[in-house]
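The values are calculated or read from the model by the stated rules, or taken from the named source; none is laboratory data. Computed from a predicted model, the values in this text were never measured in an experiment. So basically every Cβ, Gly included, is an ideal-geometry build from the backbone, and we count neighbours across all protein chains shown. Areas reflect the complete protein model, heavy atoms only, side chains present, ligands, DNA and RNA absent. Shrake-Rupley method; radii C 1.70, N 1.55, O 1.52, S 1.80 Å.
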Amino acid sequence: MLFIGALITALPTHAEECNPSTPISAHYQVTSRNTAQAEKTTTKQLILWRQKNSVAEQFPAKGITEIWERNHSNSIKLNRYFDAYQRGIEYSPSEVKDVNGDDDWSMKTQLVADSLLQKMSLSNREGSGCDREESYLLAEKNYTATLVWLPAYRLVKSYHMQSGSREQVWTLNKMTTDKNSINHFFKQYSDYKTTDYADIGDSESDPFLRKMIRLGFIEHGSSGMYDTQGNDIGGEHHH
(Lines give C-alpha, C1' and ligand atoms only; values in the text may rest on other atoms or scores of the structure.)
Protein backbone atom coordinates (compact mmCIF):
# COMPACT_ATOMS: atom_id res chain seq x y z
CA MET A 1 0.00 0.00 0.00
CA LEU A 2 1.24 3.46 -0.81
CA PHE A 3 1.89 5.85 2.04
CA ILE A 4 -0.68 8.60 2.36
CA GLY A 5 0.62 11.84 3.81
CA ALA A 6 0.11 15.55 3.50
CA LEU A 7 1.93 18.69 4.38
CA ILE A 8 -0.70 21.34 4.96
CA THR A 9 0.10 25.02 5.22
CA ALA A 10 -1.35 26.97 8.10
CA LEU A 11 -4.88 28.14 7.50
CA PRO A 12 -6.85 31.02 9.03
CA THR A 13 -9.04 30.04 11.92
CA HIS A 14 -11.55 32.88 11.64
CA ALA A 15 -15.04 31.42 11.41
CA GLU A 16 -15.99 33.57 8.41
CA GLU A 17 -13.00 32.16 6.46
CA CYS A 18 -13.70 28.52 7.25
CA ASN A 19 -16.65 27.23 5.27
CA PRO A 20 -17.30 25.41 1.97
CA SER A 21 -17.73 28.71 0.09
CA THR A 22 -14.32 30.01 1.18
CA PRO A 23 -12.14 30.77 -1.90
CA ILE A 24 -9.42 28.14 -1.89
CA SER A 25 -6.50 26.70 -3.82
CA ALA A 26 -5.50 23.07 -3.18
CA HIS A 27 -2.47 21.28 -4.69
CA TYR A 28 -2.77 17.52 -5.14
CA GLN A 29 -0.44 14.74 -6.16
CA VAL A 30 -2.24 11.86 -7.85
CA THR A 31 -0.37 8.55 -8.00
CA SER A 32 -1.84 5.66 -9.98
CA ARG A 33 -0.42 2.21 -10.40
CA ASN A 34 -1.23 -1.32 -11.43
CA THR A 35 -0.09 -3.58 -8.59
CA ALA A 36 0.47 -6.37 -11.12
CA GLN A 37 2.80 -4.12 -13.15
CA ALA A 38 4.91 -1.95 -10.85
CA GLU A 39 6.49 -0.15 -13.80
CA LYS A 40 3.05 1.24 -14.71
CA THR A 41 3.10 3.78 -11.87
CA THR A 42 2.22 7.33 -12.94
CA THR A 43 2.17 10.57 -10.97
CA LYS A 44 0.24 13.69 -11.92
CA GLN A 45 -0.23 17.09 -10.32
CA LEU A 46 -3.63 18.74 -10.04
CA ILE A 47 -4.42 22.16 -8.59
CA LEU A 48 -8.02 22.79 -7.59
CA TRP A 49 -9.22 26.41 -7.40
CA ARG A 50 -12.61 27.49 -6.07
CA GLN A 51 -14.25 30.90 -5.99
CA LYS A 52 -18.00 31.59 -5.72
CA ASN A 53 -19.71 29.61 -8.50
CA SER A 54 -16.48 28.81 -10.36
CA VAL A 55 -14.10 25.90 -9.96
CA ALA A 56 -10.87 25.39 -11.88
CA GLU A 57 -8.87 22.22 -12.35
CA GLN A 58 -5.31 23.03 -13.42
CA PHE A 59 -3.01 20.38 -14.89
CA PRO A 60 0.51 21.88 -14.97
CA ALA A 61 2.18 19.02 -16.86
CA LYS A 62 -0.32 19.31 -19.71
CA GLY A 63 -0.52 23.10 -19.68
CA ILE A 64 -4.31 22.87 -19.54
CA THR A 65 -6.71 24.57 -17.14
CA GLU A 66 -10.44 23.86 -17.10
CA ILE A 67 -12.79 26.36 -15.46
CA TRP A 68 -16.32 25.24 -14.70
CA GLU A 69 -19.07 27.73 -13.90
CA ARG A 70 -22.57 27.14 -12.57
CA ASN A 71 -25.20 29.84 -13.05
CA HIS A 72 -28.38 30.59 -11.11
CA SER A 73 -30.36 28.07 -13.17
CA ASN A 74 -27.74 25.42 -12.22
CA SER A 75 -26.55 25.08 -15.82
CA ILE A 76 -22.85 24.25 -16.04
CA LYS A 77 -20.48 25.63 -18.70
CA LEU A 78 -16.83 24.85 -19.32
CA ASN A 79 -13.92 26.95 -20.54
CA ARG A 80 -10.86 24.88 -21.44
CA TYR A 81 -7.68 26.97 -21.55
CA PHE A 82 -4.32 26.17 -23.14
CA ASP A 83 -1.93 28.06 -20.92
CA ALA A 84 1.06 28.34 -23.26
CA TYR A 85 -1.15 29.98 -25.92
CA GLN A 86 -3.28 32.06 -23.52
CA ARG A 87 -6.27 30.82 -25.52
CA GLY A 88 -9.42 28.98 -24.57
CA ILE A 89 -12.44 27.11 -25.91
CA GLU A 90 -15.91 27.86 -24.49
CA TYR A 91 -18.41 25.04 -24.16
CA SER A 92 -22.06 25.84 -23.52
CA PRO A 93 -24.04 23.73 -21.00
CA SER A 94 -25.49 21.64 -23.86
CA GLU A 95 -21.95 20.81 -25.05
CA VAL A 96 -20.67 19.65 -21.64
CA LYS A 97 -20.91 15.90 -21.22
CA ASP A 98 -21.74 14.09 -17.98
CA VAL A 99 -21.93 17.15 -15.71
CA ASN A 100 -25.48 18.28 -15.13
CA GLY A 101 -26.69 17.69 -11.58
CA ASP A 102 -25.89 18.51 -7.97
CA ASP A 103 -23.90 15.30 -7.55
CA ASP A 104 -21.83 16.03 -10.65
CA TRP A 105 -21.18 19.57 -9.43
CA SER A 106 -20.08 18.31 -6.01
CA MET A 107 -17.64 15.99 -7.79
CA LYS A 108 -16.17 18.96 -9.64
CA THR A 109 -15.89 21.26 -6.63
CA GLN A 110 -14.55 18.73 -4.11
CA LEU A 111 -13.32 15.81 -6.29
CA VAL A 112 -15.47 13.38 -4.30
CA ALA A 113 -19.17 13.32 -5.11
CA ASP A 114 -21.67 13.68 -2.28
CA SER A 115 -23.20 10.33 -3.28
CA LEU A 116 -19.89 8.57 -2.55
CA LEU A 117 -19.52 10.31 0.80
CA GLN A 118 -22.99 9.12 1.76
CA LYS A 119 -22.01 5.53 1.00
CA MET A 120 -18.87 5.67 3.15
CA SER A 121 -18.73 4.89 6.87
CA LEU A 122 -17.24 7.39 9.30
CA SER A 123 -14.41 5.65 11.18
CA ASN A 124 -12.71 8.51 13.03
CA ARG A 125 -13.05 12.19 13.81
CA GLU A 126 -10.38 14.44 15.29
CA GLY A 127 -9.57 18.13 15.71
CA SER A 128 -12.06 20.95 15.72
CA GLY A 129 -13.11 24.00 13.73
CA CYS A 130 -11.10 24.58 10.56
CA ASP A 131 -8.67 21.80 11.52
CA ARG A 132 -11.29 19.11 11.94
CA GLU A 133 -10.62 15.89 10.03
CA GLU A 134 -12.92 12.97 9.36
CA SER A 135 -11.83 9.52 8.19
CA TYR A 136 -14.15 7.43 6.04
CA LEU A 137 -14.08 3.85 4.76
CA LEU A 138 -15.88 2.06 1.98
CA ALA A 139 -15.44 -1.67 1.44
CA GLU A 140 -17.29 -3.46 -1.33
CA LYS A 141 -16.59 -6.55 -3.40
CA ASN A 142 -13.20 -6.05 -5.07
CA TYR A 143 -13.19 -2.34 -4.10
CA THR A 144 -11.93 -0.49 -1.02
CA ALA A 145 -11.51 3.22 -0.42
CA THR A 146 -10.29 5.30 2.51
CA LEU A 147 -10.76 9.05 2.69
CA VAL A 148 -9.48 11.75 5.04
CA TRP A 149 -11.90 14.65 4.69
CA LEU A 150 -11.75 18.30 5.78
CA PRO A 151 -15.46 19.03 6.42
CA ALA A 152 -15.04 22.75 7.12
CA TYR A 153 -13.89 23.24 3.52
CA ARG A 154 -15.50 20.12 1.99
CA LEU A 155 -12.08 19.16 0.69
CA VAL A 156 -10.11 15.91 0.27
CA LYS A 157 -6.97 15.71 2.40
CA SER A 158 -6.05 12.20 1.25
CA TYR A 159 -7.73 9.39 -0.61
CA HIS A 160 -6.69 5.82 -1.30
CA MET A 161 -8.62 3.56 -3.66
CA GLN A 162 -7.93 -0.09 -4.55
CA SER A 163 -9.96 -1.93 -7.17
CA GLY A 164 -8.48 -5.24 -8.19
CA SER A 165 -4.93 -4.50 -9.31
CA ARG A 166 -5.70 -0.79 -9.81
CA GLU A 167 -4.55 1.52 -7.04
CA GLN A 168 -4.78 5.29 -6.78
CA VAL A 169 -3.67 7.75 -4.10
CA TRP A 170 -4.60 11.43 -3.90
CA THR A 171 -2.51 13.55 -1.51
CA LEU A 172 -3.11 17.18 -0.60
CA ASN A 173 0.32 18.81 -0.44
CA LYS A 174 -0.57 22.47 -0.02
CA MET A 175 -3.61 24.68 0.31
CA THR A 176 -4.28 28.36 0.74
CA THR A 177 -7.25 30.68 1.23
CA ASP A 178 -5.36 33.81 0.21
CA LYS A 179 -8.00 35.84 -1.63
CA ASN A 180 -5.53 37.97 -3.58
CA SER A 181 -3.77 35.03 -5.22
CA ILE A 182 -7.08 33.29 -5.97
CA ASN A 183 -8.58 36.46 -7.46
CA HIS A 184 -5.46 36.91 -9.59
CA PHE A 185 -5.70 33.33 -10.87
CA PHE A 186 -9.27 33.69 -12.11
CA LYS A 187 -8.69 37.21 -13.43
CA GLN A 188 -5.82 36.15 -15.70
CA TYR A 189 -8.00 33.59 -17.44
CA SER A 190 -10.82 36.06 -17.97
CA ASP A 191 -8.34 38.07 -20.08
CA TYR A 192 -7.48 35.15 -22.41
CA LYS A 193 -9.01 35.06 -25.89
CA THR A 194 -11.68 32.36 -26.23
CA THR A 195 -13.52 30.74 -29.13
CA ASP A 196 -16.98 29.19 -28.89
CA TYR A 197 -16.88 25.46 -29.54
CA ALA A 198 -19.80 25.88 -31.95
CA ASP A 199 -17.77 28.37 -34.04
CA ILE A 200 -14.65 26.23 -34.48
CA GLY A 201 -15.80 24.96 -37.88
CA ASP A 202 -15.82 28.53 -39.17
CA SER A 203 -12.37 29.28 -37.73
CA GLU A 204 -10.20 26.58 -39.30
CA SER A 205 -7.80 29.19 -40.66
CA ASP A 206 -6.70 29.87 -37.07
CA PRO A 207 -3.32 28.07 -36.61
CA PHE A 208 -3.97 27.51 -32.90
CA LEU A 209 -7.33 25.85 -33.50
CA ARG A 210 -5.94 23.72 -36.34
CA LYS A 211 -3.20 22.45 -34.05
CA MET A 212 -5.58 21.69 -31.17
CA ILE A 213 -7.92 19.82 -33.49
CA ARG A 214 -5.01 17.79 -34.88
CA LEU A 215 -3.85 16.91 -31.37
CA GLY A 216 -7.38 15.85 -30.40
CA PHE A 217 -7.81 18.39 -27.60
CA ILE A 218 -10.91 20.06 -29.01
CA GLU A 219 -14.03 18.00 -28.52
CA HIS A 220 -17.14 18.14 -26.40
CA GLY A 221 -16.51 19.07 -22.77
CA SER A 222 -14.77 15.93 -21.65
CA SER A 223 -11.12 14.96 -21.39
CA GLY A 224 -8.95 12.41 -19.65
CA MET A 225 -8.10 13.13 -16.01
CA TYR A 226 -10.25 11.29 -13.52
CA ASP A 227 -11.53 12.06 -10.04
CA THR A 228 -11.43 9.72 -7.07
CA GLN A 229 -14.42 7.79 -8.44
CA GLY A 230 -12.93 7.35 -11.88
CA ASN A 231 -15.04 10.11 -13.42
CA ASP A 232 -13.53 12.30 -16.12
CA ILE A 233 -12.41 15.69 -14.76
CA GLY A 234 -10.24 16.97 -17.62
CA GLY A 235 -6.63 17.60 -18.41
CA GLU A 236 -5.83 15.54 -21.49
CA HIS A 237 -7.50 13.90 -24.45
CA HIS A 238 -9.83 11.04 -23.59
CA HIS A 239 -9.93 8.28 -26.15
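At a Förster radius of 41 Å, what calculated FRET efficiency corresponds to the Cβ-Cβ distance of residue 140 and residue 206, to the nearest 0.05?
Efficiency, rounded to the nearest 0.05: 0.30.
Please tell me which of these pairs span more than 22 angstrom C-alpha to C-alpha: 44/187; 62/174; 52/77; 62/211; 108/141?
Working: 44/187 25 Å; 62/174 20 Å; 52/77 14 Å; 62/211 15 Å; 108/141 26 Å.
Flagged as over cut-off: 44/187; 108/141.
Over the range 39-108, calculate the relative contact order: mean separation of alpha carbon pairs under 8 Å at least 6 apart, over the residue count, as a percent.
On the way: 102 pairs, mean separation 13.0, N = 70.
Relative contact order comes out at 19 percent.
With an 8 Å cut-off on Cα pairs and a minimum separation of 6 or more residues, tell me the relative contact order of the range 18-156 in percent. Walk me through the numbers on the way to the answer.
Values: 245 pairs, mean separation 21.2, N = 139.
Normalised by residue count, the contact order of the range 18-156 is 15 percent.
Would you mind putting 159-165, 119-125 in packing order, based on average other-beta-carbon counts within 10 Å, highest first?
Ranked by mean Cβ neighbours within 10 Å, highest first: 159-165, 119-125.
Rounded to the nearest 20 Debye, what is the dipole magnitude of the range 22-158 about its Cα centre when Lys and Arg each give +1 and Asp and Glu each give -1 at the C-beta? The partial results should precede the final answer.
Numbers: 18 positive and 17 negative charges, 42 e Å.
Charge dipole of the range 22-158: 200 debye, to the nearest 20.
Which order do 25, 94 take when ranked by solvent-accessible area (1.4 Å probe, heavy atoms of all protein chains), largest first?
Values: 25 0, 94 105 Å².
Largest accessible area first, the residues go 94, 25.
Run the 1.4 Å probe and let me know the accessible area of residue 44, rounded to the nearest 10 Å².
In the full protein context, residue 44 sits at about 70 Å².
Report the FRET efficiency, 1/(1 + (r/R0)^6), for residue 115 and residue 85, where r is their Cβ-Cβ distance and R0 is 41 Å, rounded to 0.05. All intermediate terms of the calculation are to be shown ahead of the outcome.
Numbers: r = 37 Å, r/R0 = 0.89.
Computed FRET efficiency for residue 115 and residue 85: 0.65.
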